[in-house]
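Q: Quick one: the structure is below, questions incoming.
The values are calculated or read from the model by the stated rules, or taken from the named source; none is laboratory data. What you are looking at is a predicted structure, and each value in this text was computed from that prediction instead of being measured. A quick note on method: Cβ atoms are made from the backbone with ideal geometry, for glycine too, and the neighbour counts reach across all protein chains shown.
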Amino acid sequence: MTNVRPKKHLGQHFLKDENICQNIVDALTGHGGYNTVVEVGPGIGAITKYLVQKPYDFSVVEIDEESIAYLKQHYSDLSIYSEDFLRMDFRPIANGSPMAVIGNFPYNISSQIIFKVYDERHLVTECVGMFQKEVAERVAAKPGSKVYGIISVLIQAFYDVEYLFTVHEHVFNPPPKVKSGVIRLQRNAVTQLPCDEKLFKTVVKMGFNQRRKTLRNSLKPLLNEHKVDTSNPIFDKRPEQLGVDEFVMITKMFHPS
């Protein structure tokens with residue numbers, strides 16, 4: 001037993017099912033040829049104990065002082081970064097090489113963690129993580145799905161996403177109020193989109209902010225500003241009907257070559 005208390009304000013739910021812990025670690029494939037693996041929010045080491053057995057250059061990121069003290073006591077050789085993962089500079093950790101991110105991620109910053117991986121896509125070639133089921137499903141959703149949205153498009157522009165398995169509430173301490181889902185992100189071959197990436201993000205966000213409207217209506221201010229010809233039938237569609245390539249195609253219309 002341990003005297004480390006799960007902290008609600010840190011979104012901590014400690015995983016206690018050993019098979020699930022092992023399955024999360026086994027979901028790492030080495031995609032992209034990384035050797036560096038960083039675990040986010042290890043808590044009391046539920047998956048850490050399986051990761052230290054692997055031949056990785058392994059470290060953890062934890063801001064809870066009780067958890068840090070516990071980890072130092074039980075894993076004397078473990079490299080621990082006691083800082084905010086969302087503000088971390090990955091370059092010193094990766095040292096110019098690819099890396100992977102893994103974790104039973106704190107629920108209160110689930111989406112922010114995904115976007116941190118997105119921002120560090122030039123370094124992070126694989127990410128395996130447990131999220132609230134609804135967040136995991138959104139990231140992995142395909143066009144046409146009700147939960148397909150901004151995060152789906154932006155992540156899938158640079159990552160192949162696979163929903164691996166669902167985890168039930170009772171395997172955590174304390175049990176969360178929702179089910180969880182484990183997903184795997186693997187970097188695809190796209191290093192740069194064939195369009196203005198900043199404008200691409202704007203188009204995606206503006207489209208989904210009024211997702212019930214056709215793109216001709218939801219993008220109207222932008223289309224008028226750039227004098228884009230909207231006769232193309234793609235503008236009759238709603239955003240959830242479009243894949244990454246179609247959003248790229250629309251973005252290129254703003255700056256025709």
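Q: Given the conditions (1) assigned to a helix (DSSP H, G or I); (2) touching a Cys at 6+ places or on another chain (Cβ under 8 Å); (3) of a type outside the set (S, T, N, Q); (4) crowded, with 21+ Cβ neighbours inside 10 Å, and given that residue 50 satisfies all but one, which numbered condition is not satisfied?
A: Failed condition: (4).
Q: Exactly one condition in (1) over 19 Å from residue 138 (Cα atoms); (2) buried (at least 16 other Cβ atoms within 10 Å of the Cβ); (3) not assigned by TED's automatic domain parsing to the domain that holds residue 129 is not met by residue 240; state its number.
A: For residue 240, the failing item is (1).
Q: If we only count helices (runs of 4 or more DSSP H) wholly inside region 211-253, which ones have 1 or more residues that are in contact with a helix residue (DSSP H, G or I) (Cβ under 7 Å, 6 or more places away or on another chain) and over 29 Å from residue 188 (Cβ atoms)?
A: In region 211-253, 215-218 are the helices (runs of 4 or more DSSP H) which contain 1 or more residues that are in contact with a helix residue (DSSP H, G or I) (Cβ under 7 Å, 6 or more places away or on another chain) and over 29 Å from residue 188 (Cβ atoms).
Q: Does any residue of region 14-22 turn out to be touching a residue at least 24 places away in the same chain (Cβ under 8 Å), aromatic (Phe, Trp, Tyr) and over 17 Å from residue 93 (Cα atoms)?
A: Yes, the conditions are met somewhere in region 14-22.
Q: What pairs come out if I take residues in region 66-87 that are under 26 Å from residue 116 (Cα atoms) and pair them with residues that are acidic (Asp, Glu) whose C-beta lies under 7 Å away, six or more apart or interchain?
A: 68/62; 71/62; 80/62; 82/62
Q: Quick one: would you say residue 128 is out of contact with any Phe, Trp or Tyr (no Cβ under 9 Å at 6 or more places or on another chain) and crowded, with 18+ Cβ neighbours inside 10 Å?
A: For residue 128, the condition - out of contact with any Phe, Trp or Tyr (no Cβ under 9 Å at 6 or more places or on another chain) and crowded, with 18+ Cβ neighbours inside 10 Å - is met.
Q: Still on this structure, I have one more. I'd like to know if region 11-27 contains one or more residues that are part of a loop (DSSP other than H, G, I, E, B), modelled with pLDDT of 90 or more and farther than 24 Å from residue 179 by Cα.
A: There is no residue in region 11-27 that is part of a loop (DSSP other than H, G, I, E, B), modelled with pLDDT of 90 or more and farther than 24 Å from residue 179 by Cα.
Q: Given the condition at pLDDT 95 or above, charged (D, E, K, R) and touching a strand residue (DSSP E or B) at 6+ places or on another chain (Cβ under 7 Å), answer yes or no: does some residue in region 109-124 qualify?
A: Yes, that holds for at least one residue.
Q: One residue is enough: does region 159-180 have a residue meeting the conditions loosely packed, with under 14 Cβ neighbours inside 10 Å, hydroxyl-bearing (Ser, Thr, Tyr), assigned by TED's automatic domain parsing to the domain that holds residue 113 and closer than 30 Å to residue 26 by Cβ?
A: Yes, the conditions are met somewhere in region 159-180.
Q: Being of a type outside the set (Val, Ile, Thr), part of a loop (DSSP other than H, G, I, E, B) and under 29 Å from residue 194 (Cβ atoms) is the filter here; which residues of region 147-181 pass it?
A: Residues satisfying the conditions are 148, 149, 157, 158.
Q: On the basis of being surrounded by 13 or more Cβ atoms within 10 Å (Cβ to Cβ) and without any contact (Cβ under 8 Å) to a residue 60 or more places away in the chain, does residue 216 make the cut?
A: yes
Q: In region 214-257, how many are more than 23 Å from residue 157 (Cβ to Cβ) and of a type in the set (A, V, I, L, M)?
A: Number of matching residues: 0.
Q: May I pose another question? Residue pairs, Cβ under 6 Å, 6 or more apart or interchain, first in region 102-123 and under 17 Å from residue 39 (Cβ atoms), second crowded, with 22+ Cβ neighbours inside 10 Å and among the acidic types (Asp, Glu). List them.
A: Cβ pairs passing all conditions: 102/39; 103/39.
Q: Let me ask another. Need pairs with beta-carbon distance below 8 Å; first residue of a type in the set (Lys, Arg) and within region 234-253, second not in a helix (DSSP H, G or I); sequence gap 6+ or separate chains.
A: Within 8 Å, the pairs are 237/214; 238/211; 238/212; 238/213; 238/214; 252/194; 252/195.
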